[in-house]
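The values are calculated or read from the model by the stated rules, or taken from the named source; none is laboratory data. Bear in mind that the values here come from a model prediction, so they are computed numbers and not experimental data. Cβ atoms come from the backbone with ideal geometry, glycine included; neighbour counts cover every protein chain shown. Keep in mind that these areas ignore ligands, DNA and RNA; they rest on the heavy atoms of the full protein, side chains included. Shrake-Rupley method; radii C 1.70, N 1.55, O 1.52, S 1.80 Å.
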There are 2 protein chains.
Amino acid sequence: MNSLQIVEAPVDASCCVPSVKPALSADEAQQRALVFKALADPNRLRLLSIVKAGDSGESCVCDLTEPLDLGQPTVSHHLKVLVEAGLLHREKRGTWAYYSLVPGALEQTAGLLESL
Amino acid sequence: MNSLQIVEAPVDASCCVPSVKPALSADEAQQRALVFKALADPNRLRLLSIVKAGDSGESCVCDLTEPLDLGQPTVSHHLKVLVEAGLLHREKRGTWAYYSLVPGALEQTAGLLESL
DNA sequence: CACCTATATCGATGAATGTCAATCTATGTG
DNA sequence: CACATAGATTGACATTCATCGATATAGGTG
């Protein structure tokens, strides 16, 4: 079944000409899909938006639970997904956990799209 | 002295100043999540990439099945998802179906991110 | 210490999703 | 017409995921 081996020839066009960009490899695609998976949920988009809209640049979980009309564990779960995707930064101060946008992360993700 | 009238402008910041953008509504978030759902799969990212990399600007299903190592129905399914997300355009000519990038769709989606 | 509060983690459950084999549709071609 | 081919659709199955209630952890306060 998976016995066929397509040995990539060492054709090295990588040096001078930008030429044609090759299509995404399976590994690259898998990697990039992770970020979009994190963005593929309306509540997570709202979380990012609320954090971004906050004037202090950061929000704690207690400020995020109410506007989303979700349980606290669910919000905590979504925030974790966003942190693991590299979109949010988490900082714990005292009893509270403050979440803020990772600088440039959204722009970088947007770049992933245009450079497909 | 205090007869001078500092006529306070009828504070209507809604016209000129961008002011603070409100956070995403539930409906807006739901809508935007649809596109990211379509992008949240490595094989669909590869499909977009392959179609984009093709020099003719379009690819037919038969050209997309092999590099992805997926069955034809599965590829057809993914293509449908991408079309419904507004990312791909489908044109049938004879027996073949040709898929091409919707012009500006990727850039517009990237814009969704930066304007969160 | 005991108690409260903010947040994270765990386990369960129902819904959504990716994949395939089988089948259907439509457009060729002899 | 009979047959072949490209592609879409259907139904089933396994996996992933969003959500919740219950519980754990950890910092603050008396």
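Summary of computed values
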{"read-out": "Global geometry of segment A:32-114, whether rounded, prolate or oblate, following the gyration tensor of its Cα atoms and the 1.5 cut on a/c", "value": "prolate"}
{"read-out": "Amide H partners (placed H, <5 Å) of B:A97, local residues excluded", "value": "B:V61"}
{"read-out": "In order through segment B:61-66: 3J(HN,Hα) via Karplus (6.51 cos²θ - 1.76 cosθ + 1.60), integer Hz, x for Gly, Pro", "value": "4, 4, 7, 9, 5, 5"}
{"read-out": "Estimated vicinal HN-Hα couplings, Hz - segment B:42-54 in sequence order (Karplus 6.51, -1.76, 1.60; Gly, Pro = x)", "value": "x, 5, 6, 4, 5, 4, 4, 5, 5, 4, 5, 6, x"}
{"read-out": "Chain lengthening between A:T74 and A:W96 when straightened (0.36 nm per residue, less Cα-Cα)", "value": "6.2 nm"}
{"read-out": "Å² per residue, accessible surface of segment B:27-114 at 1.4 Å", "value": "51"}
{"read-out": "Table column - 3J(HN,Hα) (Hz), segment B:67-77, Karplus curve with 6.51, -1.76, 1.60, x for Gly and Pro", "value": "x, 8, 6, 10, x, 4, x, 5, 4, 4, 4"}
{"read-out": "Members of A:K21/A:K92; A:K21/A:K52; A:K21/B:K80; B:K21/B:K92; A:K21/B:K92 lying beyond 31 Å, as alpha-carbon distances in this model show", "value": "A:K21/A:K92; A:K21/A:K52; B:K21/B:K92"}
{"read-out": "Label spacing, shortest first and in nm, from A:K80 to its equivalents in the remaining copies (7 angstrom along Cα→Cβ)", "value": "3.5"}
{"read-out": "Residue-averaged beta-carbon neighbours from other chains (10 angstrom radius) around B:33-39", "value": "6"}
